[in-house]
Structure formats: C-alpha cells, structure tokens
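As structure tokens, the structure follows; a few thoughts come after it.
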Amino acid sequence: MQLEIKPSHKPIKQYYDALAEFEKHGATKETSVRAAFQEILTTYARKKEWSFIAEEGITLANGKPGAVDGAIKDAWGGIIGYWEA
C-alpha cells in the first residue's frame with residue numbers, strides 16, 4: 001500500500017495550523033514545534049501499521065551511543081527511517 005500525502009489532508013492542515021499558532025506566540029525553535037511534526041509521522045506510520053518511536057537510541061559511526069529525534073519501525077522492529085531535525 002502506497003501512501004498518498006497531500007496538502008489537503010487533515011493531518012497536514014493540522015500541522016500548518018499548529019505552526020501558525022506557535023508563530024503567533026513567537027515559538028519557532030525546534031523544541032517548540034517538534035510535537036506537531038511528530039504527530040504527522042505518528043499518523044502516517046499507523047496507516048502503514050508501523051510505529052513511531054520518539055528519541056530512538058542508535059549507535060553512531062564511531063561506535064558510541066546516540067539518539068535521533070525519532071524512528072519509524074515496522075511490525076518486526078525493522079527500521080523504516082529516522083527523523084533528526
């Protein structure tokens with residue numbers, strides 16, 4: 001199943017509405033607006049029966065532990081993709 005994501009879809013409209021609301025209050029930093037984008041990722045991941053995991057731990061190229069803002073995983077825990085803002 002391929003996802004079609006259009007600007008007219010409700011989650012996308014809600015995202016832009018949230019950004020406009022944040023901007024009215026002067027909140028433009030990543031930490032202020034990240035929840036709105038995380039909601040889009042969660043919504044569309046569910047449509048594919050995937051999961052969005054916030055603050056996913058990873059191993060960096062140098063072997064040290066790190067974290068990304070989020071990861072999308074399939075039903076078996078396989079990584080579909082990472083989100084790092």
Problem set entry | Contour excess over end-to-end distance, with Cα ends at ALA61 and LYS29 and 0.36 nm allotted per residue | 8.8 nm
Seminar exercise, completed: So the angle from the long Cα axis of helix 30-47 to the longest Cα principal axis of the chain, reported in degrees to the nearest 10, equals 70 degrees
Problem set entry | Residue pairs, from the table LYS10/LYS64; LYS24/LYS73; LYS24/LYS64; LYS29/LYS73; LYS6/LYS73; LYS13/LYS64, whose Cα atoms sit over 30 Å apart | LYS10/LYS64; LYS24/LYS73; LYS24/LYS64; LYS13/LYS64
Problem set entry | 14 Å beta-carbon shell around GLU49, net charge (K/R +1, D/E -1) | +3
Exercise. In square angstrom, what is the accessible area per residue of the chain with a 1.4 angstrom probe?
Worked result: 72 Å²
Exercise. Residues in region 59-85 near a label at GLN38, defined as backbone nitrogen under 17 Å from the 7 Å Cα→Cβ point?
Worked result: 67-73, 82-85
Exercise. Over the chain, what percent of the accessible surface lies on carbon and sulfur atoms, probe 1.4 Å?
Worked result: 53 percent
For this session: Determine the dipole magnitude for the chain: charges of +1 sit on the beta-carbon of Lys and Arg, -1 on that of Asp and Glu, nothing else is charged, the reference point is the Cα centre, and the result goes in debye to the nearest 20.
Result: 160 debye
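What's the whole-number percent of alpha carbon pairs in region 1-78 lying beyond 17 angstrom?
Counting pairs separated by more than 17 Å, the tail of P(r) holds 57 percent.
The values are calculated or read from the model by the stated rules, or taken from the named source; none is laboratory data. From a predicted model like this one, the values you see are computed outputs, not experimental measurements. Note: ideal-geometry Cβ built from the backbone for every residue, glycine included; neighbour counts use all protein chains shown. The protein model used for the area step is the full one, side chains on, heavy atoms only, and it has no ligands, DNA or RNA in it. Shrake-Rupley method; radii C 1.70, N 1.55, O 1.52, S 1.80 Å.
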